[in-house]
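This report refers to the structure that appears directly beneath it.
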Amino acid sequence: MIKRGTIYFAVPGMHLIIAKNKILYGTGSAENNFRPSIDVLFRSAAVDLGERVIGIILSGLMDDGVAGMIAIKKCSGICIVQDPAEAQYPAMPLAVIEKIEPDYILP
């Protein structure tokens, strides 16, 4: 079960999935060549937890996280991205900004 005040980390090679307020691990297909994938986590959290989800995208390469952030936004969660001007690798925050209007763009 998900516990308040607890930080969870993905296991290398396994997706982190939220379902019925529980943390699950999955071995489904890689997304964007990654397993674990932030999109898998964000999409499952959005569907399961709706407006209680906060997605945060920081510095990174490619467009990882975009599909998940779209799901969070559609399920009334909060979307936060790092200010691309301050990111060491701005591609991920920029990709989100190009697809949706984040609730916050923060340093």
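Brief remarks on what is shown
- For VAL11: the one exception among (1) within 16 Å of the chain's Cα centre (by Cα); (2) closer than 17 Å to GLY68 by Cα: (2)
- Candidate set: the range 90-107, residues that are part of a helix (DSSP H, G or I) and of a type in the set (Val, Ile, Thr); chosen: the one nearest to the chain's Cα centre (by Cα): VAL96
- The residues of the range 1-53 that are open to solvent by 90 Å² or more (accessible area, probe 1.4 Å) and either assigned to a loop (DSSP other than H, G, I, E, B) or touching a residue at least 60 places away in the same chain (Cβ under 8 Å) (or both), listed by number, are MET1, LYS3, ARG4, ILE7, PHE9, PRO12, LYS20, THR27, SER29, ASN33, ARG35.
- Scanning the range 77-97 for residues being in contact (Cβ under 8 Å) with a residue 24 or more places away in the chain, farther than 10 Å from LEU58 by Cα and surrounded by fewer than 17 Cβ atoms within 10 Å (Cβ to Cβ) gives a total of 1.
- Among the numbered conditions (1) crowded, with 21+ Cβ neighbours inside 10 Å; (2) under 21 Å from LYS3 (Cβ atoms), the only one that MET69 does not meet is (2).
- Among the residues examined, ASP63 qualifies as out of contact with any Lys or Arg (no Cβ under 6 Å at 6 or more places or on another chain), open to solvent by 40 Å² or more (accessible area, probe 1.4 Å) and at pLDDT below 95.
The values are calculated or read from the model by the stated rules, or taken from the named source; none is laboratory data. The model shown is predicted, which means the values in this text are computed figures rather than measured ones. Here the Cβ is made from the backbone with ideal geometry for all residues, glycine too, and neighbour counts use every protein chain on show. These accessible areas exclude ligands, DNA and RNA; they are computed on the full protein's heavy atoms, side chains included. Shrake-Rupley method; radii C 1.70, N 1.55, O 1.52, S 1.80 Å.
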